[in-house]
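So the structure is just underneath, and the comments pick up after that.
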Amino acid sequence: MAAAAQAHSLLFNPHQKPSHRRPSNRIRPLTITAASNAPITGRKLRVAVIGGGPAGSSAAEALAAGGIETFLFERNNTKTPKPCGGAIPLCMLDEFDIPLHLVDRRVTRMKIVSPSNLTVDFGSKTLKPHEYIPMLRREVLDSFLRSRAESAGAQLVPALVTRLDVPSSAAEPYLIHHNLNGQIRTLAVDAVVGADGANSRVAKSINAGDYAVAMAFQERIRLPDDKMEYYRDLAEMYVGDDVSPDFYAWVFPKCDHVAVGTGTVSSKQSIKLYQQGIRQRVSQKISGGRVIRVEAHPIPEHPRPVRVRGRVALIGDAAGYVTKCSGEGIYFAARSGRMCGEAIVKASEGGDKAIGEADLRREYLRQWDGEFATTFRFLDGLQRVFYRSNAAREALVELCGDEYVQRMTFDSYLYKRLAERNGWEDLRMFAGTVGSLIRCRIVGRARGYGGEVELLNRFV
Amino acid sequence: MSISTTLLSPPPTATSRLLFHTPTRPALFLRPTTFLRLSAPRASVENGAGIPASSAAVAVEEPAKAKPEAAEKESSNGAAASKFVDGRWIGGTWDLKQFKKDGSMETDWDAVIDAEARRRKWLEANPESTSNDDLIVFDTSIIPWWAWVKRYHLPEAELLNGRAAMIGFFMAYFVDSLTGVGLVDQMGNFFCKTLLFVAVVGVLVIRKNEDLETVKKLVEETTFYDKQWQAAWKDENTGSSKKE
């Protein structure tokens, strides 16, 4: 020990540094500090999770299972449908122990349709027999997760949170003002997990900053039986300037109806126009249908500038964890909830110690970014390249016909992992991508389409 | 034309217009184009299928909000629902036999590319609805690679090579006149080789003044999303990592 300490001082003694070092690069003596959080006496750490969706429920479950006193706030405990696609990746069933009876439908085929109506079948050849995309009703999934969090020990507070008071020092608690059955009450907690969705009040209270949102608009349409049979296990994606300038339009089968919708970031005021567009495109397939519900919801496009401040952490939609290109958010909400909950449990050593911002950053943010930031960035890249113009969308659909592409896509979506890459196939896929983009751009441009795949401007 | 009268009779409400494809057929009959001959038999086949659906009319609950926008779009929707028709477009793909060059057995790929370009442009303005019965199966990979190269790559390559050669010749002359180093000796020097590389890449990448702006914008765009993810860590790096 002494020898090591001596070697340490020798190595870092500034007077012995080699002469060729630049003076500005002075090595200071290395200081290592170890700090530990203050223990809490007489009670466990109290954490409030605001928002009882997949993110909040997973966080509450992880917290309660770890021994923390957890309060789960949810303003809407009735089973009103939430506007949502309702598709989850297959791995979520395993990872979150979701019982199969909650799954309404198993989507085993997908069709992607280009602006010129070129239709590519996605999955009929490449999905293995045991693979599918589970479709659930959000209200069913959410209430299941909430009740499971309750059984793990979280206290469900069916109230609307009206205000969050941020304390000025580390010793003071956060005050959550909420409306419980018409009475205004206040709860004091040590830490807060904000899981209250795209219009997060928690995010506003901590000045987390804003994010760009896409507007998703959908109509639920009950179809006659023969038309519904077509969509029994099929989901469709439509791309084109007539249905969305920067996203896609969809027809997703739900329990006994289909959801026909579209989304956009840049032209929210024209969303009704795009909805018209998608209705027009699928008019033959949904003729005879009856609209039973119209809904719209914002979808975050990127993470908020601040996701952790003080002892408040944002998760799920509140943090902005929605992928580009596909708009998937449920799985990431649940995972971030679990990760945040486990981070707090670990940092507080089972609820016995106080926690601080650095703990949340280290255990939650860093883990999250390390695991998923690449996925998010990759999908952003895909969106940038393929949703730019009709020509690029045509290329996207052409590419989707390739089996290797389909396999890669399914593996990364269903299991959230990168499948085994085959070097040659990768090269072929890349060459195919470039080729398709070039060809479609030429065809699109030949009569003044206005395609804007600038990157390929050089090679054409 | 009993079919057309049945079609013209249902009230053109926003609701039926949106859900039923067939009531918009009248627009097709009003078009005084050659397409009429080819489209009429097609239309009647579809109408046969469409009428039972429309007669089994179901109550439609449209939210009041959608009505004004829908009514606005009615007229354009009416014109837009016509299908793309061309003598050579058969069964959802181009009939390559009709694209033969005069007197030979080879397909005129340039004409195929032009026809497809025209079709896509037409579809931009008049989006078609998809149907399960006539699927589109044409995709650009049907056209062989050399047709693309011959028509689009080669002329551009000729232009760029010409530019590169001219720049190269004058730069070599210029350097020689300044330093006295001949062409062969210039090529042996690492610095000269680097300059050559920069010149070649420059000719390829920058063809107009606007390209510089485009490259800058592209770089900024590609890193934008990454910056949004890094934003959460900016606070920490600027030293506000005090524990609270």
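The table below gives the values:
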quantity: Members of region A:110-149 that become less accessible by 10 Å² or more once partner protein chains are added (1.4 angstrom probe, chain alone as reference); calculated: A:Pro115, A:Ser116, A:Asn117, A:Leu118, A:Thr119
quantity: Residue-wise HN-Hα coupling along region B:103-110, computed from phi with Karplus coefficients 6.51, -1.76, 1.60 (Hz; x: Gly, Pro); calculated: x, 10, 8, 8, 7, 8, 5, 4
quantity: Cβ-derived FRET efficiency at R0 25 Å, A:Val434 paired with B:Ala199, nearest 0.05; calculated: 0.55
quantity: Rounded to the nearest 10 Å², the accessible area of A:Asp121 at probe 1.4 Å; calculated: 60
quantity: Solvent-accessible surface ranking, highest first, for B:Thr140, A:Thr433 at 1.4 angstrom; calculated: A:Thr433, B:Thr140
quantity: FRET efficiency estimate (nearest 0.05) - Cβ-Cβ, A:Arg26 to A:Thr78, R0 45 angstrom; calculated: 0.10
quantity: Accessible surface, 1.4 Å probe, highest first, among residues A:His130, A:His178, A:His101; calculated: A:His101, A:His130, A:His178
quantity: Subset of A:Lys44/A:Lys353; A:Lys128/A:Lys227; A:Lys111/A:Lys227; A:Lys324/A:Lys416 violating a 20 Å alpha-carbon distance limit; calculated: A:Lys128/A:Lys227
quantity: Whole-number percent relative contact order across chain A, with pairs defined as alpha carbons under 8 Å at least 6 apart; calculated: 19
quantity: Modelled FRET efficiency - R0 41 Å, B:Arg88 with B:Ala165, Cβ distances, 0.05 increments; calculated: 0.45
quantity: ³J(HN,Hα) computed for each position of region A:271-285 - Karplus, 6.51 cos²θ - 1.76 cosθ + 1.60, integer Hz, glycine/proline x; calculated: 4, 5, 4, 5, 5, 4, x, 6, 5, 5, 5, 10, 4, 6, 7
quantity: Distant-in-sequence amide H partners of A:Val157 (H built 1.01 Å from N, under 5 Å); calculated: A:Leu72, A:Phe73, A:Glu74
quantity: Of B:Lys101/B:Lys150; B:Lys150/B:Lys216; A:Lys79/A:Lys254, pairs whose Cα-Cα distance is over 25 Å; calculated: B:Lys150/B:Lys216
quantity: Where GluC sites (Glu not before Pro) in DSSP loops with at most 16 other Cβ within 10 Å are excluded, longest remaining stretch of chain A; calculated: A:132-348
quantity: Gap separating the Cα centres of region B:154-232 and region A:306-361, nearest whole Å; calculated: 47
quantity: Exposure ranking of A:Lys346, B:Lys97, A:Lys272 by accessible area [1.4 Å probe, largest first]; calculated: B:Lys97, A:Lys346, A:Lys272
quantity: Distant-in-sequence amide H partners of A:Ala214 (H built 1.01 Å from N, under 5 Å); calculated: A:Ile299, A:Glu301
quantity: Long-range amide H partners of A:Ala354 with built H, under 5 Å; calculated: A:Ala38, A:Ile40
quantity: Area hidden from solvent between B and A (accessible, protein heavy atoms only, 1.4 Å, total, Å²); calculated: 6600
quantity: In order through region A:118-123: 3J(HN,Hα) via Karplus (6.51 cos²θ - 1.76 cosθ + 1.60), integer Hz, x for Gly, Pro; calculated: 5, 10, 10, 7, 10, x
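The values are calculated or read from the model by the stated rules, or taken from the named source; none is laboratory data. Everything quoted here is computed from the prediction, not taken from an experiment. Methodologically, a virtual Cβ is constructed for each residue, glycine included, from the backbone with ideal geometry; neighbour enumeration extends over all protein chains shown. Heavy atoms of the whole protein, side chains included, go into the accessibility calculation; ligands, DNA and RNA do not. Shrake-Rupley method; radii C 1.70, N 1.55, O 1.52, S 1.80 Å.
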